[in-house]
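This report concerns only the one structure given below.
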Amino acid sequence: MLVSNNSEYAVTVKDLEKRFGSFQAVNKVSFQVRRGEIFGFLGPNGAGKSTTMRMLCGIIIPTAGEATVNGFDVFHQAEQIKNHIGYMSQKFSLYEDLTVEENIDFYSGIYQIPMVEKKNRKDWVVKMAGLDEHRNSLTAILPGGWRQRLALGCALLHKPPVIFLDEPTSGVDPISRRSFWELIYQLAAEGITVFVTTHYMDEAEYCDRLAMIYRGELVAIGTPDELKVKYMNNDVLNLECLDPFGALQAVNGIPEIREAALFGRGLHLAVNDASSSIPIIIKALQERKLVYTRLEKIIPSLEDVFVSIIESRDSSAGL
Amino acid sequence: MNMYRVIAIIRKEFIHILRDPRSLGMAIAMPILLIFLFGSSLSLDVDHVPLVVWDQNGTHESREFIGRFTASRYFDLNGHVTSYAEIEEAIDKREAILALVIPREFSRKLESGRKADVQLIADGSDANTATIAIGYAQMVADGYTSSLLLKAADQQGAKRVKIPVEVQPRVWFNQNMLAKNYIIPGLIAVIMMVISALLTSLTIAREWENGTMEQLITTPLTPSELIVGKLTPYFAIGMLDVVLAVLMGQYLFEVPLRGNTALVFGMAALFLPGALTMGMLISIMTRSQLLASQLAMVLTFLPSFLLSGFMYSIANMPIVIQGLTYLVPSRFFIVILKNIYLKGAGFAIILTEAGILLLFAVVLIVVANIKLKKRLV
């Protein structure tokens with residue numbers, strides 16, 4: 001065991017590995033999650049996000065490494081872990097032929113909620129999920145956002161100190177996503193540790209801390225702001241203009257510009273140094289008689305950071 | 001094992017079953033249909049053998065001889081013919097399985113005390129029926145012969161002559177040798193094996209296919225709780241099926257149940273857990289509903305029909321196949337049911353078979369438990 005039960009960390013992971021045959025799904029990943037924080041796991045599909053989470057929930061056994069959840073070792077104390085976590089998978093995993101109440105009752109039974117608390121917990125889940133009028137509806141007929149909230153409620157019935165959410169908002173409309181994240185904030189405010197995977201960059205901004213995973217490896221970790229400062233070697237300029245395609249051609253020949261990409265009605269330009277590059281760019285635009293409305297250094301978005309990290313990884317790997 | 005969690009699973013499974021009336025209907029209608037179909041069509045009795053006669057002799061004696069055949073319940077006289085060509089035609093058209101040819105000199109030879117031959121032609125394309133039918137014909141002819149001998153001795157004024165040795169057959173347990181009396185108890189065992197495995201073959205695979213198994217894995221639920229919780233409602237359905245099957249045997253097929261009815265249900269309760277777990281084990285191994293149900297059908301239906309002693313006598317099988325039959329649980333359930341039904345046997349007689357059924361159930365549940373645990377990772 002790495003840490004004791006009353007440590008400040010809810011999850012500790014050290015050199016965790018998972019191989020499926022010759023495929024290295026997760027490669028020596030290490031990180032720690034503090035109690036009560038919203039910890040985001042960010043990465044493209046197939047990067048190893050879900051595999052890591054499933055190892056922590058006891059669904060799959062790691063190939064090598066060490067990990068604890070709430071102080072329990074994933075190799076030897078999987079059963080204790082299961083009493084202290086809630087898990088919600090990206091696929092709806094309640095019973096569609098059972099009603100809202102029947103699903104809640106079922107998980108109350110599985111988690112052995114005492115009789116005296118049962119009704120309270122059920123009411124809490126129904127209220128939290130906003131399903132008061134649908135207590136007796138089959139879950140099959142509920143829209144996606146409501147199902148997700150019900151699934152979250154069922155995973156929280158036993159008041160677990162740590163909760164794992166695997167892409168909880170995939171396939172859910174933006175308004176439901178918003179309200180789902182409000183729920184997550186409430187949980188964190190109550191001291192629950194929330195471990196969430198996502199590939200939505202805007203959702204990643206809501207997290208207290210983020211780990212970026214790519215091709216099974218942890219490539220960056222920190223608060224969203226730390227990531228933007230620490231892992232961005234370049235400055236990012238925002239260029240707004242009437243003819244973005246013309247501007248793209250104009251700046252493509254400039255050696256100071258490391259990367260140029262269309263972004264909304266303008267361009268995002270990655271440069272080594274903003275102050276020295278801006279005059280060069282202005283000159284190039286004027287030569288082509290292109291009109292621009294704005295050119296300024298901006299704080300990079302997480303997407304900029306992530307793209308930058310991935311490109312430096314791929315180029316160093318010779319891809 | 002935590003009863004609180006087992007009860008949660010049982011309640012959930014009952015809701016699944018009740019919300020799916022088609023499957024529930026199948027679970028109840030299928031055994032009824034199968035027992036009805038097999039029970040009415042599977043008859044191994046040979047009687048009412050169609051017979052044609054070519055009586056070349058045409059005398060009082062020859063007609064008396066033919067009368068012995070028509071009086072027996074084993075033969076139906078389907079007409080007289082006057083040539084071998086007609087005999088052949090009758091057999092071809094399946095109007096006759098046996099043909100009796102009585103030669104011209106039949107009565108003359110009898111009167112002069114010489115041996116009178118008659119010819120019996122049988123349709124060998126169904127060798128089994130032909131053999132049995134020839135046996136019946138032999139029996140009828142023997143009866144006629146001994147009555148002639150007795151009459152002759154009487155006329156010669158001898159003291160009352162008696163046949164030196166006479167076999168007095170008594171068939172115990174099934175006096176009228178009705179096939180249904182031993183087919184129906186065996187059929188109940190075979191059908192219950194198939195239905196039980198089919199019922200449970202979907203349960204675990206469905207959880208995998210719907211992604212609900214992954215959720216269950218992250219809860220404190222243990223494999224044994226899941227297995228026991230899922231077996232219970234299907235056990236109830238299985239027992240209901242047995243009750244229906246026994247009622248059908250009683251009132252539809254009128255098979256006598258000489259033993260204790262409670263013992264029948266007690267033995268069914270011992271047989272069902274193993275049979276149900278077999279289906280569940282298949283479900284655990286395949287994780288696919290389609291594959292699991294097909295495998296369950298093949299793996300229970302064929303051995304139960306062919307290797308259980310239901311259709312073919314185990315004693316006549318090659319020694320290797322005989323060894324295989326010990327792995328077919330329905331073999332032992334069939335012995336139990338036949339003993340209770342036909343012999344009115346008590347528990348002491350079927351103790352060994354009951355023990356083997358229990359062993360089957362325990363071994364299968366343990367294996368399913370281990371396999372489910374391994375499958376979770």
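As a test of the formula, what do you get for chain A when each DSSP H run with n ≥ 4 contributes -39,500 (n - 2.57) and the sum is divided by the residue count, at 222 nm and rounded to the nearest 500 deg cm²/dmol?
Details: 11 runs with 119 residues, N = 319.
Computed mean residue ellipticity for chain A: -11000 deg cm²/dmol.
Sort A:134, B:80 so the one with the fewest other Cβ atoms within 10 Å of its own Cβ comes first. Present the calculation step by step, with values, prior to reporting the outcome.
Working: A:134 18, B:80 12.
With the fewest neighbours first, A:134, B:80 line up as B:80, A:134.
Putting +1 on Lys and Arg Cβ atoms and -1 on Asp and Glu Cβ atoms, find which of B:31, B:3, B:49 reaches farthest to the positive end of the dipole of chain B.
The residue sitting most towards the positive pole is B:3.
How much length would be gained if the chain were fully extended between residue B:261 and residue B:119, taking 0.36 nm per residue of separation minus their Cα-Cα distance, in nm to one decimal? Mind dumping the intermediate values first?
On the way: separation 142, 0.36 × 142 = 51.12 nm, distance 5.07 nm.
Result: 46.0 nm gained on full extension.
To make sure I understand, if each residue's beta carbon is the centre and we count other beta carbons within 10 Å, what order do A:256, A:190 fall in, fewest to most? If you can, show how the numbers build up before the last one.
Values: A:256 14, A:190 9.
With the fewest neighbours first, A:256, A:190 line up as A:190, A:256.
Would you mind giving the mean number of other chain beta-carbons within 10 Å of the Cβ of each residue in A:150-157, as a whole number? Write out the running numbers ahead of the final one.
On the way: counts 0, 1, 0, 0, 2, 3, 0, 1.
Taking the mean over all residues of the peptide, I get 1.
What are the aspartates and glutamates whose alpha-carbon lies under 14 Å from the alpha-carbon of residue A:14, with same-chain residues fewer than 8 places away excluded?
Result set, ordered by chain and number: A:66, A:73, A:217.
May I ask which residue of A:186, A:125, A:250 lies farthest towards the positive end of the charge dipole of the protein assembly as shown, with charges of +1 (Lys, Arg) and -1 (Asp, Glu) on Cβ and the Cα centre as origin?
It is A:125, whose Cα lies furthest towards the positive end.
Lysines near residue A:283 by alpha-carbon distance under 26 Å, same-chain residues fewer than 8 away left out - which ones?
Of all the lysines, those that pass the test against residue A:283 - Cα under 26 Å, at least 8 places apart if same chain - are A:297.
Relative contact order, percent, of chain A when contacts are C-alpha pairs under 8 Å separated by at least 6 residues? Write down the numbers at each step before the final one.
Details: 585 pairs, mean separation 59.1, N = 319.
About 19 percent, as a whole number.
What distance in nm separates the two pseudo spin-label positions at residue B:60 and residue A:276, each 7 Å out from Cα along the beta-carbon direction?
14.2
Taking every residue in A:89-99, how many Cβ atoms of other protein chains lie within 10 Å of its Cβ, on average?
Working: counts 5, 1, 5, 4, 9, 4, 9, 3, 7, 5, 2.
For this peptide, the per-residue mean of nearby foreign Cβ atoms is 5.
Suppose only helical runs count, i.e. DSSP H with n ≥ 4. What mean residue ellipticity at 222 nm does that imply for chain B under -39500 (n - 2.57) per run, divided by all residues and rounded to the nearest 500 deg cm²/dmol?
Details: 15 runs with 247 residues, N = 377.
Rounded to the nearest 500, the figure is -22000 deg cm²/dmol.
Would you mind getting me the FRET efficiency between residue B:24 and residue B:311? Use the beta-carbon distance for r and R0 = 25 Å, nearest 0.05.
Working: r = 30 Å, r/R0 = 1.22.
Step by step, r from the Cβ atoms, then E = 0.25.
If each of residue A:34 and residue A:190 carries a label point 7 Å out from its Cα toward its Cβ, how far apart are those two points in nm?
That separation, rounded to one decimal, is 2.2 nm.
Distance between Cα centroids, region B:194-214 to region A:33-107: provide it in whole Å.
Rounded to whole Å, the Cα centres lie 23 Å apart.
Give me the inter-chain shielding for B:6-18: mean count of other chain Cβ atoms within 10 Å, whole number please. Walk me through the intermediate numbers first.
Working: counts 1, 1, 8, 3, 1, 5, 10, 0, 0, 7, 3, 0, 1.
Mean partner shielding for this stretch: 3.
Mind checking which lysines have their C-alpha under 29 Å from residue B:109, skipping anything on the same chain fewer than 8 residues away?
Residue B:109 reaches B:151, B:159, B:162.
At a Förster radius of 22 Å, what calculated FRET efficiency corresponds to the Cβ-Cβ distance of residue A:8 and residue A:128, to the nearest 0.05? The partial results should precede the final answer.
Values: r = 28 Å, r/R0 = 1.25.
E between residue A:8 and residue A:128, to the nearest 0.05, is 0.20.
Run the numbers on region A:93-224 and let me know its relative contact order in percent, using alpha-carbon pairs under 8 Å that are six or more apart. Please report the intermediate quantities before stating the final value.
Values: 138 pairs, mean separation 26.6, N = 132.
Relative contact order of region A:93-224: 20 percent.
Quick one: compute the contact order of region A:189-276, relative version, from alpha carbon pairs under 8 angstrom and 6+ residues apart, as a percent. Working shown, then result.
Numbers: 99 pairs, mean separation 18.8, N = 88.
Worked out over region A:189-276, it gives 21 percent.
Which residue, B:277, B:59, B:286, tops the fluctuation ranking in a GNM of chain B built on C-alpha contacts under 10 Å?
Answer for the Gaussian network model of chain B: B:59.
No value in this document is a laboratory result; all are computed from the given coordinates. The structure displayed is predicted, hence computed values, not measured ones. Virtual Cβ from ideal backbone geometry, glycine too; neighbours counted across all protein chains shown.
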